[in-house]
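Trainee: Quick one: the structure is below, questions incoming.
The values are calculated or read from the model by the stated rules, or taken from the named source; none is laboratory data. Not measured: the values here are computed from a predicted model. Using ideal geometry, Cβ is built from the backbone for each residue, glycine included, and neighbour counts are taken over all protein chains shown. Side chains included, ligands, DNA and RNA excluded: accessible areas come from the protein's heavy atoms. Shrake-Rupley method; radii C 1.70, N 1.55, O 1.52, S 1.80 Å.
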Amino acid sequence: MTKTEIPPGVDAGPSREPVTRRRLAGKPARATAGSGRLAALLVSPTLLVLSIVVIYPTLMALKESLYGPKGLDPATGFISDTEPFVALKNYADIFGAAGERFWNAFWNTTFFTVVTVGLETVIGVAMALIMHKAFRGRGFVRAGILIPWAVPTAISGLLWRWIFNSDGVANALIGHQILWTTEGFHAKVAVIVAEVWKTAPFIGLLVLAGLQVIPKEVYEAARLDGARPPRQFWHITLPLVKPALLVAVLFRCMDALRMFDLPYILVGAQKHSVETLSMLAQNEASNVRFGPASAYAVLLFLYVFLIALAFVRLLGADLVGEGAARRRKKAGRRRMEVTA
Amino acid sequence: MTTTKTSPTSRTTTRALRCSAALAAGGLLITACSSSAGTDSGQSGAPSFEGRGPITYVAGKDTTGSVQPMIDRWNKQHPKEKVTFIQLPTDPDAQRRQMIQNAETKSDAYTVLSLDVVWTSEFAAHQWIDRLPQERFPLSRMLKPVVETAKYRGGLYAVPGSSDGGMLYYRTDLLKKAGVSQPPVTWDELKAACAKVKRLPEAKDMSCYAGQFQKYEGLTVNFAEAVNSAGGTVTDAKGTPDVDTPEARKGLDFLVGSAKDGTIPAEGVTYQEEDGRQAFQSGKLVFLRNWPYMYGLAANSGIKGKYAVAPLPGLNGPGASSLGGHNMALSSFAKNKATALDFIKFFTSEENTATQLKKASAAPPYASQYDDKTLIAQYPYLPVLKESILRAVPRPRVVQYGDVTAAVQQHAYAALTGDKSSAQALKDLQAALRKSVAQ
């Protein structure tokens, strides 16, 4: 009974096959060159916008990261006009003198990402299961769960700062005074609690969407076979919701790696216990050291990129939409056959 | 994705373009361009300020609504030289960032800048603001420490618009009941007075003293005050760090010792201005170091009529406050600098600073206003504030102020929370300051 093998692509809907076939059948092979040009033309505005808002700034940041901070001329007391070219020194520095702060921020970022995303996944899935259940007042529960996600991060940072105040709600509840916003592990805990509160609903939302496309019949069959709810969850719900869950977790990871405003507002700038890579880059930039700031930002960018790549490659997160990818592959094969 | 924080542009080209554009436009700006392009001799040749026409005034969000009426008045008198008020966010960091961004792109969008007093050196050293002709402003009538905050290496780079000094708020009712007739002048007196107050039944659960000890700019202010009040310095007049001294040690020891023996409450290390004010107003504190802004606010609380202010105490006598406030500076890349200079003069005139005192409770830079009987009747703290400002020491006047304040916060906070001894903290701080000043 647990061998309830779901035919691949159930989530993509049953209408996929005919559509593909129809399109492939109706498309004359000769039109490829012309439609290619048309496609290029149609896509070019998007590419143009992308290169202006993404590629150009990224390249500029890369270039900027090769320059050092401007020097002060002790004779005149003025800062020099130009930034010296230092090649890869900004990157090399993280293994030397300035490295301590970088690695602290790096580990904080990683720690926050692993812990918050882990907790969010568990809580988010639980939330989704609750929201999916049919019961009275489900609308209220759904709205209640989603509110934290709707609150802007800066605002929720302020909100939690009130809660974690020395005579705030958190201390009143545990009946013991912890100074959450000072340096130390408790500051990390405060950030994690606030972050999980805020973003678990996001995972809940995406998983809920995934849950809703699982056909009821599968559960009926499982029930007939005598599978109890925990088994149903592990062997039906989880595998079928996996594509949606992976995308949600990937998005959360990328977001958590760039975490900035929550620790900045909740605990404060310059706090080593909660300083993330984004905060470090911001701090360097605000001290007019754009070179090192860019270097840190580039490293963060690479880090995020690698994590995203790992998700897609190792875990098979489906970003483009599994159906679309498969369709493309099939279409390509077909075209090859035609041209051959 | 998040790699786009910086705004790198080829700076020299922009300048060349702007200058040639100005040339083509009729040459009004030639002098402005050439003077701000001169890299070395800001000390000798004062730039000439030419060009008249519309300008902008850039400051943080005006929460009191007192700025626009003053600008309106100016605009009425000078219809051809209108001033537009550009409001930046309330957060000082965000203000500074936007002003720096404007300067880095050499934009002429900002003309007159309202700078926090600690930014003067940085803006002057980067030549983002012009050196101003001292003789055109009534500096001699202003309080000397306030004028000092507007200077960099002896040159005037801004004109004081408002000032601010720390004061000691104390509970008059409790002190009187405990038989303490005078507010404390030294730290020992403060502790002694507090001990007497604590013997009163109603003061049993109170803490003695607090300031702003959270790890943020307020800690730098309070740390510098403690060090200066004990006769030490953070950086000397030239900006050279000199904080690893016995005097500075006594200052820091006062804070650390007070945190340890409970004179400062345990949660004191989380206090910013508002937290301290709440604690004082709800009767948790006997003494509080805070800015004058709280004087009026406390009058609307449960301690109405039960508090007063005194100068900050020190080691052997009255202490030295740090200075707050804002200075008006002229962006190097602006147009119509003649108008701008007149506007700065207008804006910092005695008449307008008096208005600012009344409407925004901003401390005026002029000495005479602290002796004005009608103003004192309205703001009883003025004489104390004057004393506080006269004895005040500006925070470190260094180009890399951001790094200096970060280092102070890091090491002072470690000492306050007991992670480090004060001796070790000062030693580390001295090393850190050396490094950032050398940059």
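Trainee: If I take all pairs of Cα atoms in the range B:373-439, what percentage of them are more than 16 Å from each other?
Mentor: 60
Trainee: Out of every Cα pair in the range B:281-333, what percent are spaced more than 19 Å from each other?
Mentor: Taking all Cα-Cα pairs of the range B:281-333, the fraction more than 19 Å apart is 47 percent.
Trainee: Let me ask something else about it. Quick one: compute a quarter of the convex hull surface over the Cα atoms of the range B:151-277 and quote it in nm².
Mentor: 9.6
Trainee: Could I ask something else about it? Which whole-number percent is the relative contact order of the range B:276-387 (Cα, under 8 Å, 6+ apart)?
Mentor: The value is 21 percent.
Trainee: Let me ask something additional. Among B:A109, B:A279, B:A299, which one shows the biggest mean-square fluctuation in a GNM of chain B, springs joining Cα atoms closer than 10 Å?
Mentor: Of B:A109, B:A279, B:A299, the Gaussian network model singles out B:A299 as fluctuating most.
Trainee: Report the per residue volume, in Å³, of the convex hull enclosing the C-alpha atoms of the range B:105-216.
Mentor: Given the Cα convex hull of the range B:105-216, per-residue volume reads 184 Å³.
Trainee: Here's another thing I want to ask about it. Return the loop-located trypsin sites (Lys or Arg not before Pro) in the range B:51-131 (DSSP other than H, G, I, E, B) with at most 13 other Cβ atoms within 10 Å of their own Cβ; answer none if there are none.
Mentor: B:K61, B:K80
Trainee: Run down the aspartates and glutamates and flag those whose C-alpha is under 18 Å from the C-alpha of B:K82, throwing out any fewer than 8 positions away in its chain.
Mentor: B:E50, B:D72, B:D108, B:D342
Trainee: What are the extents of the Cα atoms of the range B:46-175 along their three principal axes, in Å, largest first?
Mentor: Result for the range B:46-175: principal-axis Cα extents of 59, 35, 30 Å.
Trainee: Something else now. Given the rule -39500 (n - 2.57) for each run of at least 4 DSSP H residues, summed and divided by the residues of the protein assembly as shown, what is its mean residue ellipticity at 222 nm, to the nearest 500 deg cm²/dmol?
Mentor: -16500 deg cm²/dmol
Trainee: Rounded, prolate or oblate: which one fits the range B:245-337, using the alpha carbon gyration tensor with axes a ≥ b ≥ c (rounded when a/c is under 1.5, else prolate when a/b beats b/c, else oblate)?
Mentor: oblate
Trainee: Any chance you could run the full-extension gain for A:K63 through A:A172? It's 0.36 nm times the residue separation minus the Cα-Cα distance, nm to one decimal.
Mentor: This chain segment gains 34.1 nm when fully extended.
Trainee: At q = 0.10, 0.13, 0.16, 0.17 Å⁻¹, what log₁₀ I(q)/I(0) does a Debye calculation on the Cα points of the range A:119-267 give, no solvent, two decimals?
Mentor: Normalising to I(0) and taking log10 leaves -0.45, -0.69, -0.91, -0.98.
Trainee: While we're on this one: Taking each residue of A:76-88 in turn, how many C-beta atoms of other protein chains fall within 10 Å of its C-beta, and what is the average?
Mentor: Per residue, the number of nearby Cβ atoms from other chains is 4 on average.
Trainee: Dividing the Cα convex hull volume of the range A:77-195 by residue count, how many Å³ per residue is that?
Mentor: 214
Trainee: May I pose another question? Taking the Cα centre of the protein assembly as shown as origin, sum charge times position over the Cβ atoms of Lys and Arg (+1) and Asp and Glu (-1), and report the length of that vector in debye to the nearest 20.
Mentor: 2880
Trainee: A follow-up question, please. For the range B:176-224, what mean projected area does the convex hull of the alpha carbons give, in nm²?
Mentor: Over every viewing direction, the Cα hull of the range B:176-224 projects on average to 4.2 nm².
Trainee: How much solvent-accessible surface does B:T417 expose, in Å² to the nearest 10, with a 1.4 Å probe and all protein chains in place?
Mentor: Accessible area of B:T417: about 50 Å².
Trainee: Using just the C-alpha positions of the range A:150-194 as equal point scatterers, what log10 of I(q)/I(0) does the Debye formula give at each q in 0.17, 0.20, 0.31 1/Å?
Mentor: Taking Cα atoms of the range A:150-194 as identical point scatterers yields -0.44, -0.60, -1.16.
Trainee: Which chymotrypsin sites (Phe, Trp or Tyr not before Pro) in the range B:53-136 pass both tests, a DSSP loop state and at most 15 other beta-carbon atoms within 10 Å?
Mentor: Hits after loop and neighbour filter: nothing returned.
Trainee: A further question on this structure: With N set to the number of residues, divide the alpha-carbon radius of gyration of the protein assembly as shown by 2.2 N^0.38 Å and report two decimals.
Mentor: Normalised by 2.2 N^0.38 Å, the Cα Rg of the protein assembly as shown equals 1.13.
Trainee: What does the extension gain come out to for A:L306 and A:Y91, with contour length at 0.36 nm per residue minus their alpha carbon separation?
Mentor: 75.6 nm
Trainee: While we're on this one: Can you tell me the Rg and the Dmax, both Å, for the Cα atoms in the range A:236-285?
Mentor: When restricted to Cα atoms, the range A:236-285 yields Rg and Dmax of 15.5, 49 Å.
Trainee: Rounded if a/c is under 1.5, else prolate if a/b beats b/c, else oblate: with a ≥ b ≥ c from the C-alpha gyration tensor eigenvalues square-rooted, which is the range B:305-403?
Mentor: Oblate, since a/c reaches 1.5 and b/c is not below a/b.
Trainee: Give me the net charge of B:L174's neighbourhood, meaning all other residues with Cβ under 10 Å from the Cβ of B:L174; Lys, Arg count +1, Asp, Glu -1.
Mentor: Local charge sum for B:L174: +4.
Trainee: Follow-up question, since we're still on this one. With r as the distance between the Cβ atoms of A:T110 and B:Y293 and R0 = 41 Å, compute the FRET efficiency 1/(1 + (r/R0)^6) and round to 0.05.
Mentor: Using R0 = 41 Å, I get an efficiency of 0.50.
Trainee: Here's something else I'd like to know. Quick one: how many lysine pairs does the range B:149-212 have with C-alpha atoms less than 13 Å apart and a gap of 8 or more or different chains? Give me the count, please.
Mentor: Total qualifying Lys-Lys pairs in the range B:149-212 comes to 5.
Trainee: Using Cα positions and a limit of under 22 Å, work out the lysines in reach of B:K427, with same-chain residues fewer than 8 apart set aside.
Mentor: The reachable lysines, counting only those whose Cα sits under 22 Å from B:K427, are A:K271, B:K215, B:K238, B:K250, B:K260, B:K435.
Trainee: Ratio of Rg to Rh for chain B, alpha carbon only, Kirkwood?
Mentor: Answer for chain B: 1.00.
Trainee: I need the trypsin sites (Lys or Arg not before Pro) found in the range B:219-261, filtered to DSSP loop residues with at most 13 other beta carbons within 10 Å of theirs.
Mentor: B:K238
Trainee: May I pose another question? What nm distance separates the two modelled labels at A:L41 and A:R138, each placed 7 Å from Cα along Cα→Cβ?
Mentor: Here the modelled spin labels are 4.9 nm apart.
Trainee: OK, next. Using R₀ = 51 Å, calculate the FRET efficiency as 1/(1 + (r/R₀)^6) where r is the Cβ-Cβ separation of A:D73 and A:A33; round to 0.05.
Mentor: 0.25
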